1. What do you reckon, is residue A:295 at pLDDT below 90, within 12 Å of chain B (Cβ to nearest Cβ) and either assigned to a helix (DSSP H, G or I) or surrounded by 15 or more Cβ atoms within 10 Å (Cβ to Cβ) (or both)?
2. If I ask for residues that are surrounded by fewer than 20 Cβ atoms within 10 Å (Cβ to Cβ), within 9 Å of chain B (Cβ to nearest Cβ) and part of a helix (DSSP H, G or I), which ones from the stretch A:241-286 would you list?
3. Being facing chain A (nearest Cβ under 9 Å), in a helix (DSSP H, G or I) and surrounded by fewer than 19 Cβ atoms within 10 Å (Cβ to Cβ) is the filter here; which residues of the stretch B:275-290 pass it?
4. For residue B:372, indicate whether it is closer than 18 Å to residue B:116 by Cα and within 13 Å of chain A (Cβ to nearest Cβ).
5. How about the stretch B:400-439: which of its residues are within 14 Å of chain A (Cβ to nearest Cβ) and either free of Cβ contacts under 8 Å to residues at least 60 places away in the same chain or part of a helix (DSSP H, G or I) (or both)?
6. Here is a list of conditions, (1) modelled with pLDDT under 95; (2) within 14 Å of chain A (Cβ to nearest Cβ), and residue B:71 meets all of them except one; can you say which number that is?
7. Of the residues A:400, A:325, which is at pLDDT 90 or above and either within 27 Å of residue A:432 (Cα to Cα) or out of contact with any strand residue (DSSP E or B) (no Cβ under 7 Å at 6 or more places or on another chain) (or both)?
8. Could you please find all residues in the stretch B:72-83 being surrounded by 13 or more Cβ atoms within 10 Å (Cβ to Cβ) and either without any contact (Cβ under 8 Å) to a residue 24 or more places away in the chain or part of a helix (DSSP H, G or I) (or both)?
């Protein structure tokens, strides 16, 4: 019975040229966006490989020099694009692609591609995610706004009910026929996207990510259809249903996300960049409590070291005290960076809570966030990259300072290390979060999608039950 | 007389329609909220720029006071490094983006670029990004007045007018209307003109009120105000023409709504993204990573050959060699280091200049192509014009980047001359120390171009309407 009803709905949709055209257009845009993303990702991977190789070559071929000079010469680290950026680039264009690691200074990634874009770019980029999050729901609205109200206007709704057809299967068939179309697009795009990503990076295992992503879209489209049919059932006229649904779409896709973005920044403002860096340098120089200036810290370490080795002059020390002082300065600087980094992360966490609560007002917002999380395109992925780069910087700077401390004597700035030492600095390898961590980190958004689906589903069937089928 | 009755009837119908009131309230609410948020954000940016300049002025005044004390023999410095006499103490100089009073109108690129930048004499200048900020709000976009005008205003228009004819036909009212004395052609034109006039008056008043909320007197820039209102009028006219054209088809209200909303989605969502995608595919830009590596290679090579380069540089610039003095012979090693650093910097910059220029050229070509392709969407044209009026467009930031580049050049030259003179900083430098002056760039041609393009779009639609003729009803 149900399959026959679904077939009837499909036949009807097939005969509706507008809907057929919209579906074909959707598939075409899917192919275009996937092809474009594939080539973009391939280019990004090639650039990354070239960047890392050249940076490594620069580092190894820097010649003989004092380890501290080498630490100032620094080392570029580049960001490996996430495999599923074929589907969703996420916030990557707003985050840098290259980080310059050097002594004394913690740099974050720079060269954000968003800075090179034109104004039109802010309207959006046709990516597979843009298609799945924005355009497929629009297609669903166009397909379902007159599913019930249209039947009522044409007078066929009474005919359907008079045939002793049960209301639930009739509605379910309408729901399923559209849901399947949306899921065909989602499955197709995600499947081809993951195949393309695997072709470009043969070793990656993406099936878990894809399944989680698909689960999100399954809930998303289900909730959209619930709302669509609910509105269609409640509006006397199809055009009114259409306008109401479009308002719902605009509110979900544009108004609430933009409002949440503005509200998050207004409620929890990010510190001004210039002031933030000024304060950070100030604390490094004057001490974190403001009463422990660098000169005093240096004098204290000097005295402690002399005492430890039981000598009176630094020239008598068996180590180079400059190496030790620089390393201690690094350690102190790292504490300052950590404290300031914590401040920024707290601001971001507070802003995240705004997005989390706003996802109860917008169906698209939790889906967008879930997609970012499952494709490693969210902020936490980039924060993880920055944190790992910083650990890497601290390790290799410490290694060079230790070498200087142990291999030369105080005041001897003529000491030079060579390639043997440079080779001990291993190439940077980024370890992204596991899928379990990502799911856990973004679970609230999946729960939000689940809530939307449940509440809208209950509202739809509750309404039908209340009206006793006379809708 | 008969038209007066029609006007009155139409006004009464509009006033009695609860949908009109709901949309008016929603539009006003959105516009005022967007204005408040935008004003707060821009005020924070402006405060950051002011504070940075004030802090720098204070710091420089203190350093000059220290130098005066040193020259008067009240203070003693044995070393250069870490004292006001050292270049490194003066290494950084502040630059700031000039925000206009109208910047609340459109966020533009102001959420991407930091309002305050620093230039120094040992690094290439670059515009800082808002790298501390959460990237998600940038991804989702700002809730600013430009968003309300570009995205929401057409939707309100469509919602108010999509059933102008189709619904009358469905209710059987059209036959009655056709039976009236005034020609249906004149009637519909008058009806649309009245609606356009009322909507424009409402939006114009709302915009003026938004200026009031922002605490800005729009009459100070009366020319810009006229341009803004003209842009809004043309954008409204464009959408009215689209609505009228769709209404003239023999479609039901549902089909009219479907077609109009598809047009809205196409012009505001699909077309701009397709334009970006096409431009990116045709005009490829080399990666920043390659540029970074090229800069690095050039700096490395120049650094390795610094002694030879330095000798060659002095041969090429004998005027700098003549500046040498032995006033500070004790710091000759330090001066030599600065001199060699300046030479290495310039050599490395020269080595990548062509690559840098090519990158910028390709970027400009891509932007140009994107803007040509985006012309197909009046929404993109309108938004760009609003950003230009607000002074926050990409063009404004490119102009700022060029000013930054010029200033960095002046800053470097100042210290290079001092290094070759082998002179530490003195109080005499107070007068000659370069300072950055934020200036608000104006691009009237761009707004005029937008007016022209929107006008052309309206004329084209007008021609289509003429061809279709109202007899189609």
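The values are calculated or read from the model by the stated rules, or taken from the named source; none is laboratory data. All values reported here derive from a predicted model rather than from experimental measurement. Cβ atoms come from the backbone with ideal geometry, glycine included; neighbour counts cover every protein chain shown.
1. Against the criterion (at pLDDT below 90, within 12 Å of chain B (Cβ to nearest Cβ) and either assigned to a helix (DSSP H, G or I) or surrounded by 15 or more Cβ atoms within 10 Å (Cβ to Cβ) (or both)), residue A:295 qualifies.
2. Selection gives A:247, A:250, A:266, A:275, A:276, A:277, A:278.
3. Listed by number, the residues that qualify are B:281, B:290.
4. When the stated conditions are applied, residue B:372 does not pass them.
5. B:400, B:401, B:404
6. Residue B:71 satisfies all of (1) modelled with pLDDT under 95; (2) within 14 Å of chain A (Cβ to nearest Cβ) except (2).
7. Working: A:325 fails: at pLDDT 90 or above.
Answer to the selection: A:400.
8. B:75, B:77, B:83, listed by residue number.
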